[in-house]
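Q: The following block contains the structure, expressed as C-alpha cells.
The values are calculated or read from the model by the stated rules, or taken from the named source; none is laboratory data. Being a predicted model, the structure only gives us computed values, none of them experimental. Because the Cβ atoms are built from the backbone with ideal geometry, glycine has one as well, and the counts that use them run over all protein chains shown. Heads up: the accessible areas ignore ligands, DNA and RNA and are worked out on the full protein's heavy atoms, side chains in. Shrake-Rupley method; radii C 1.70, N 1.55, O 1.52, S 1.80 Å.
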Amino acid sequence: MRNKIIAANWKMNKDEYESKNLTYEILKYLNKTNNPSVYKILCVPFPFLNKIHNMCAGVNMIFVGAQNCSAFENGAYTGEVSSAMLKSLSILYAIVGHSERRIMFKESDDLILEKMKRLISKQIIPIYCCGEPFSERKKKNHIRYVLNQIEQSVCNLKKEEIKKIVIAYEPIWSIGTGITAELEDVQEMHFAIRKFIRLKYGSSVSKNLSLLYGGSVNPLNAKQIFDLPDVDGGLIGGASLKSQDFIDIVNSIN
Ligand code: 13P
C-alpha cells in the first residue's frame, strides 16, 4: 500500500530548547486531532533525536527520523553517525541524498547507495531524495536527469530492498525559494518515477511505493499538491519549523 507521509526536514535549525518547544506544540495538536492514516515523521538534527523520540513515544503515527547516516559500518570515521547508532535509538527513518548534501558535501550516487544499504540492513527506511537543477529543466532534460539519479543509486538495490524505501522528488530550484513546481510538472515527474520503477521492478513494487514532493510546500499549496494522483505526501523544509504551518500541511492530506 502507498502510505501517506508528511515528513518534516528541520535541517540545521533550532537549538535544544526550541526543538522541544516545536515538538511540544505539534504533539499538543496531534493529541486532539490525529489522522491515523497519515505517517508524520520529524527529521531532526542528530543531537536531538533521542529527546524528541522520547517525547513522541506513544503518540500514534508520529515518528522521528535522522537527516543523514554514514555509509560506513563503524570505526575511525570522526564525526560520522552509523545506522547501528540510529537503530539503537529506535529511529525508523533517515533522509539520504538530499540535494544540499549532494551539492555542498559532494555526495555521489554510489555513496548514497551505500548509505541506503546500511540503513535498510538495520530496518531503517531511507527517504531517498532526487531532483534536478533549473538548468536541466530549462533544457527539458529534467525527467532524464532524475531517472538517471534513481538508476545510479536506487536501482542498485535488490527488489526486496526497494520495497523498503520512500522516494522524495525535490526540484533543487524549488527548495527554500518560495517557487513551487507547477502541479502538472509535479505529477509528470511522479508519474515518470513510478513508471520507471514499475518497468524495472514490476507493479507490485511501484504500486506500493510512497512518492513525496518537496520544495516550498506551504499551507496554501499543500492540498493541491497532495491531491495529485501520484503524490503520496511531502517532505517539508521551512514550513515545518512553524508548528501551525506544519499542522496545517498535515491536515491538507486526505
Ligand atoms: P523547503 O520546504 O524549505 O523548500 O525545503 C524543502 C526541502 O529541502 C525538504 O527536504
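Q: Look at Leu30 and say whether it is out of contact with any Gly (no Cβ under 9 Å at 6 or more places or on another chain), in contact (Cβ under 8 Å) with a residue 24 or more places away in the chain and within 16 Å of the ligand (Cβ to nearest atom).
A: Numbers: out of contact with any Gly (no Cβ under 9 Å at 6 or more places or on another chain): yes; in contact (Cβ under 8 Å) with a residue 24 or more places away in the chain: yes; within 16 Å of the ligand (Cβ to nearest atom): no.
When the stated conditions are applied, Leu30 does not pass them.
Yes or no, residue by residue, for (1) within 21 Å of Ile26 (Cα to Cα); (2) out of contact with any Gly (no Cβ under 9 Å at 6 or more places or on another chain); (3) among the hydroxyl-bearing types (Ser, Thr, Tyr):
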site	(1), (2), (3)
Thr177	no, no, yes
His190	no, yes, no
Val217	yes, no, no
Leu220	yes, yes, no
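Q: Looking at region 143-177 only, could you name the residues that are open to solvent by 20 Å² or more (accessible area, probe 1.4 Å), small (Gly, Ala, Ser) and more than 11 Å from the ligand (Cβ to nearest atom)? I'd like the intermediate steps shown before the answer.
A: Taking region 143-177 and keeping what is open to solvent by 20 Å² or more (accessible area, probe 1.4 Å), we get 143-145, 147-148, 151-152, 155-156, 158-161, 163-164, 172-173, 175-177.
Next, only the ones that are small (Gly, Ala, Ser) stay: 176.
None; the set is empty.
Q: Further question on the same structure: With the structure loaded, tell me whether Glu100 is within 17 Å of Ser70 (Cα to Cα), within 15 Å of the ligand (Cβ to nearest atom) and acidic (Asp, Glu) or whether it fails that test. Walk me through it before giving the result.
A: Details: within 17 Å of Ser70 (Cα to Cα): yes; within 15 Å of the ligand (Cβ to nearest atom): yes; acidic (Asp, Glu): yes.
Against the criterion (within 17 Å of Ser70 (Cα to Cα), within 15 Å of the ligand (Cβ to nearest atom) and acidic (Asp, Glu)), Glu100 qualifies.
Q: Within region 205-225, restricting attention to residues that are free of Cβ contacts under 8 Å to residues at least 40 places away in the same chain and open to solvent by less than 50 Å² (accessible area, probe 1.4 Å), which residue is farthest from the ligand (Cβ to nearest atom)? Walk me through it before giving the result.
A: So the first thing to find is which residues in region 205-225 are free of Cβ contacts under 8 Å to residues at least 40 places away in the same chain, and the list is 206, 217-220, 222-223.
Those left that are additionally open to solvent by less than 50 Å² (accessible area, probe 1.4 Å): 206, 217, 219, 222.
On the way: Ser206: 23, Val217: 5, Pro219: 12, Ala222: 11 Å.
Per the criteria, the residue is Ser206.
Q: Filter region 103-116 down to residues that are within 16 Å of the ligand (Cβ to nearest atom), more than 15 Å from the chain's Cα centre (by Cα) and open to solvent by less than 60 Å² (accessible area, probe 1.4 Å), then give me how many there are. Full working, then the answer.
A: Let us first name the residues in region 103-116 that are within 16 Å of the ligand (Cβ to nearest atom), namely 103-105, 107, 112, 115.
Subset that is more than 15 Å from the chain's Cα centre (by Cα): 103-105, 107.
Right, trim to open to solvent by less than 60 Å² (accessible area, probe 1.4 Å) and you get 107.
Residues in region 103-116 being within 16 Å of the ligand (Cβ to nearest atom), more than 15 Å from the chain's Cα centre (by Cα) and open to solvent by less than 60 Å² (accessible area, probe 1.4 Å): 1 in total.
Q: Shifting gears a bit: Has region 27-44 got any residue that is under 27 Å from Ala84 (Cα atoms) and surrounded by fewer than 17 Cβ atoms within 10 Å (Cβ to Cβ)?
A: Among the residues of region 27-44, not one is under 27 Å from Ala84 (Cα atoms) and surrounded by fewer than 17 Cβ atoms within 10 Å (Cβ to Cβ), which makes the answer no.
Q: Any idea which residue in region 227-249 is surrounded by the fewest Cβ atoms within 10 Å (Cβ to Cβ), counting only those that are in a helix (DSSP H, G or I) and away from the ligand (no atom under 14 Å from the Cβ)?
A: So the first thing to find is which residues in region 227-249 are in a helix (DSSP H, G or I), and the list is 238-241, 243-249.
The next check asks that each one be away from the ligand (no atom under 14 Å from the Cβ); those that pass are 243-244, 247.
Details: Ser243: 17, Gln244: 12, Ile247: 19.
It comes out as Gln244.
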